[in-house]
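Undergrad: First, the structure itself, so that you have it in front of you.
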Amino acid sequence: MTTAETGDLTGTRDKTYNLIRYTEECLTNALRMETFIADAQRDGDGEVVELFRRAQSDSRKGDCARLTRVGSLAPN
């Protein structure tokens, strides 16, 4: 079984595009968590606030790691 992307799942075989798209999703998710955090704060639910803050942190970590990887793939 091969693990290489053949375009069947994502619609593209371009590794750089896929990494950039993943990075975009991480950023989008981190921003979305801001809304969820504000909602939970408004409701006074500290436990849920912390859950969404952890999720936001995880999204940011994924984003930073992928940005570094994408930069190393860019043609000179």
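The values are calculated or read from the model by the stated rules, or taken from the named source; none is laboratory data. Everything quoted here is computed from the prediction, not taken from an experiment. In this analysis, Cβ positions are derived from the backbone assuming ideal geometry, glycine residues included, and neighbour counts consider all displayed protein chains. Heads up: the accessible areas ignore ligands, DNA and RNA and are worked out on the full protein's heavy atoms, side chains in. Shrake-Rupley method; radii C 1.70, N 1.55, O 1.52, S 1.80 Å.
Undergrad: Sort the following peptides by mean Cβ neighbour count (other Cβ atoms within 10 Å, averaged over residues), highest first: 11-18, 25-32.
TA: Working: 11-18: 12.9, 25-32: 15.1.
Listed from highest to lowest mean packing, they are 25-32, 11-18.
Undergrad: Now for a separate question. How large is the accessible surface of ILE37 in square angstrom, using a 1.4 angstrom probe and rounding to the nearest 10?
TA: Counting only protein heavy atoms, ILE37 exposes about 10 Å² to solvent.
Undergrad: Could you put ARG21, ARG54 in order of accessible surface area, largest first, with the 1.4 Å probe and the full protein assembly present?
TA: Numbers: ARG21 100, ARG54 135 Å².
Largest accessible area first, the list is ARG54, ARG21.
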